[in-house]
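Reviewing the structure listed below.
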Protein chains: 2
Amino acid sequence: MIDGPYLLFLGDAPDALAAKVAQGIRDWRPDAAIGQFRMAGCRADMGLPDMTLAEAAAAGARTLVVGVANRGGTISPAWIEVLRSAMEHGLDLASGLHNLLRDELELTATAMATGRKLHDVRVPDVRYPIANGKRRAGKRCLAVGTDCSVGKMYTALAMDREMRARGMKATFRATGQTGILVTGAGVPLDAVIADFMAGSIEWLTPDNDPDHWDLIEGQGSLFHASYSGVTLALIHGGQPDALVLCHEPTRKHLRGLPDYPLPSLEALRDLSLTMARMVNPAAYVAGISINTAGLAEREAEDYLASVETLMGLPTVDPFRNGAARLVDALK
Amino acid sequence: MIDGPYLLFLGDAPDALAAKVAQGIRDWRPDAAIGQFRMAGCRADMGLPDMTLAEAAAAGARTLVVGVANRGGTISPAWIEVLRSAMEHGLDLASGLHNLLRDELELTATAMATGRKLHDVRVPDVRYPIANGKRRAGKRCLAVGTDCSVGKMYTALAMDREMRARGMKATFRATGQTGILVTGAGVPLDAVIADFMAGSIEWLTPDNDPDHWDLIEGQGSLFHASYSGVTLALIHGGQPDALVLCHEPTRKHLRGLPDYPLPSLEALRDLSLTMARMVNPAAYVAGISINTAGLAEREAEDYLASVETLMGLPTVDPFRNGAARLVDALK
């Protein structure tokens, strides 16, 4: 568990996209971040108060979260200097970078000297069990996609927020680095050892109250040759009651696979149900979530209406329309 | 790559089953093992010459292979003594045990002092790529099962042997610990990090001659909640042209999952083809391999005939009938 509140480190982000982890935290846990730290040349801005490390510590920040991707796959000396100083000011560090904080000798030395924690959320810190397939109490909803990066995390977070606003019992269950930094806990599924993937998701979504919903962050796609195994482990470990189909209509081919067209929503529905019903015979598709960021407003409305007619399921863009109709569709 | 020939270490195996790794090597690479080493109380026997370490070294053995499961999950002091002595006699060590050789201080110290290698085939020693889904030259055949442990490795090895006996170009591609020890190389897929599973299989089965066949060892089952993600990564990374369906007819439920019945062969066929055709539209089912060890001879014959009629595909038990009809069915 990562202690909050956070100071968001934006480093020398060349643009807003490089700081998308910070943006995720800002969007979904606005209460969690009390300030931002920007270095010279930073072109990202979360609209939070700019703070020095001393100011952040004085304001109660407990953890500096690296909210920006690093360029060239290395943690630069300029970053190291800030990160070390943050620990000297009493802050833990958390990061989802491929380069681990713990692999930087200067950071581990400072962490030892100051007693601060280094959270590398990209690597698991739990010994997960092998999945046992037993049915668990409580309800689970999983977002599945025609492709990677089509809005599965956004959809689950939007449903979680809507459900909690209604006073329902709900927990967003993070399975990726950004989700873990947003919520402070979760399973970094893409870094789990193959034999323990499904078990890690059983561990993440344990027995709960009968009226409690886990909103499980999806990963990959059953149709994506690079990551389909991760997706299937998520379905079989998560035992979802409800599925939400996610799609991005302007995508020309599967992400990173130029020779692979996207599957249809019908194919996604059928295959996802086949897989989910192996572990939960009552699994159903609750609705459809479309990322219409690439469409004009009128186009988006038309597209959503046409999908809703075609598929006979509530169809929304949670960013434009909210997730209320998806939540209404849960049984 | 593990250097041969081997000395098979049977330790203090309480019964033949405990030495099934040694049995696999004995069955499939009879030329690879020149002797066996048995300790007091050993109840397994591969029918190989019993040798001291000095005799094995003199006879040209290059690697002592741990061919027996350890009791209680620890490597006993008595074993350690033999393993150290083997290195002092000039042999490398290879093991598929969960307890790694490299985690035993006495073994690593001796390995350093003698310059010998410790091969822990349970853990990957390669940085695998992320799968790119690109079509590769050459042909690939993958065994898929209604369950775990239904004869997938045996089937692939039997086909490989048959094909090489016919002078065809064929390579068995190991994806599990026993298969790796049998062939001396492979990918320990169940220990690979989630994101790299499919990529490890692409790496294992690279471009080859157009008339060359990779016989890929299957793992798990698409229907098995604990391991299905591993199986799907194998299908999507392996891009099989031909599938062989594997089944064990006396199995009451999925291995380790008492609440889960076995799927039908029709369901296995349909789902496996759906998955395989995402990456290789020409994928087909070549035949069916049934492990009839639990049936009497007449029962087995009747069962094979009834499955062949029902499914319209060549159906054999490779142990009883050989794999010739499966090889004949490859296009």
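Values computed for the structure shown
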quantity	calculated
Tally, over segment A:51-66, of residues that are buried (at least 16 other Cβ atoms within 10 Å of the Cβ) and either outside any loop (DSSP other than H, G, I, E, B) or aromatic (F, W, Y) (or both)	8
From the options A:A111, A:A137, A:A131, A:A158, residue that is touching a residue at least 24 places away in the same chain (Cβ under 8 Å) and within 15 Å of the chain's Cα centre (by Cα)	A:A158
Which numbered condition B:F9 fails, given (1) closer than 22 Å to B:R116 by Cα; (2) among the hydrophobic types (A, V, I, L, M, F, W, C); (3) modelled with pLDDT of 95 or more; (4) surrounded by fewer than 19 Cβ atoms within 10 Å (Cβ to Cβ)	(4)
Condition check for B:A54: free of Cβ contacts under 8 Å to residues at least 40 places away in the same chain and farther than 28 Å from B:D160 by Cβ	yes
Which listed residue is at pLDDT below 95 and either out of contact with any Gly (no Cβ under 6 Å at 6 or more places or on another chain) or farther than 26 Å from A:M159 by Cα (or both), from A:A54, A:A58, A:A44, A:A16	A:A16
Breaking point among (1) on the phi < 0 side of the Ramachandran plot; (2) buried (at least 16 other Cβ atoms within 10 Å of the Cβ); (3) of a type outside the set (K, R), for A:A267	(2)
Within segment B:67-171, helices (runs of 4 or more DSSP H) holding 1 or more residues that are open to solvent by 60 Å² or more (accessible area, probe 1.4 Å) and touching a strand residue (DSSP E or B) at 6+ places or on another chain (Cβ under 6 Å)	B:152-165
Sole residue being under 14 Å from A:S95 (Cβ atoms) and of a type in the set (G, A, S), chosen from A:A22, A:A40	A:A22
Residue in segment A:269-286 that is part of a helix (DSSP H, G or I) and over 26 Å from B:H224 (Cβ atoms) present	no
Subset of segment B:173-193 that is in contact with a Lys or Arg (Cβ under 7 Å, 6 or more places away or on another chain) and assigned to a helix (DSSP H, G or I) - its residue that is nearest to B:I235 (Cα to Cα)	B:A191
Any chance A:D259 is open to solvent by 50 Å² or more (accessible area, probe 1.4 Å) and of a type in the set (D, E)	yes
Selected residue (only one of A:V182, A:V123 is closer than 30 Å to B:Q177 by Cα, touching a Leu at 6+ places or on another chain (Cβ under 9 Å) and at pLDDT below 95)	A:V123
Verdict on B:L273 being closer than 18 Å to B:G151 by Cα, within 14 Å of chain A (Cβ to nearest Cβ) and surrounded by 13 or more Cβ atoms within 10 Å (Cβ to Cβ)	no
All positions within segment B:313-329 that are under 18 Å from B:P249 (Cα atoms) and out of contact with any helix residue (DSSP H, G or I) (no Cβ under 6 Å at 6 or more places or on another chain)	B:L313, B:D317, B:F319, B:R320, B:N321
Among residues of segment A:276-295, those that are open to solvent by 60 Å² or more (accessible area, probe 1.4 Å) and more than 14 Å from chain B (Cβ to nearest Cβ), counted	2
Looking only at segment A:218-250, and only at residues there that are open to solvent by 10 Å² or more (accessible area, probe 1.4 Å) and in contact with a Lys or Arg (Cβ under 8 Å, 6 or more places away or on another chain), the one that is farthest from the other protein chains (Cβ to nearest Cβ)	A:D241
Test result for A:V192, within 14 Å of another protein chain (Cβ to nearest Cβ) and either more than 15 Å from A:A156 (Cβ to Cβ) or surrounded by fewer than 24 Cβ atoms within 10 Å (Cβ to Cβ) (or both)	yes
Any hit, segment B:246-261, residues being in contact (Cβ under 8 Å) with a residue 60 or more places away in the chain, under 18 Å from A:R277 (Cα atoms) and either in contact with a helix residue (DSSP H, G or I) (Cβ under 6 Å, 6 or more places away or on another chain) or not aromatic (F, W, Y) (or both)	yes
Search result, residues across segment A:297-331 that are open to solvent by 60 Å² or more (accessible area, probe 1.4 Å), in a loop (DSSP other than H, G, I, E, B) and at pLDDT 95 or above	A:G312
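The values are calculated or read from the model by the stated rules, or taken from the named source; none is laboratory data. Just so it is clear, the model here is predicted, and its values are computed rather than measured. Cβ atoms come from the backbone with ideal geometry, glycine included; neighbour counts cover every protein chain shown. With ligands, DNA and RNA removed, areas are computed over all heavy atoms of the protein, side chains included. Shrake-Rupley method; radii C 1.70, N 1.55, O 1.52, S 1.80 Å.
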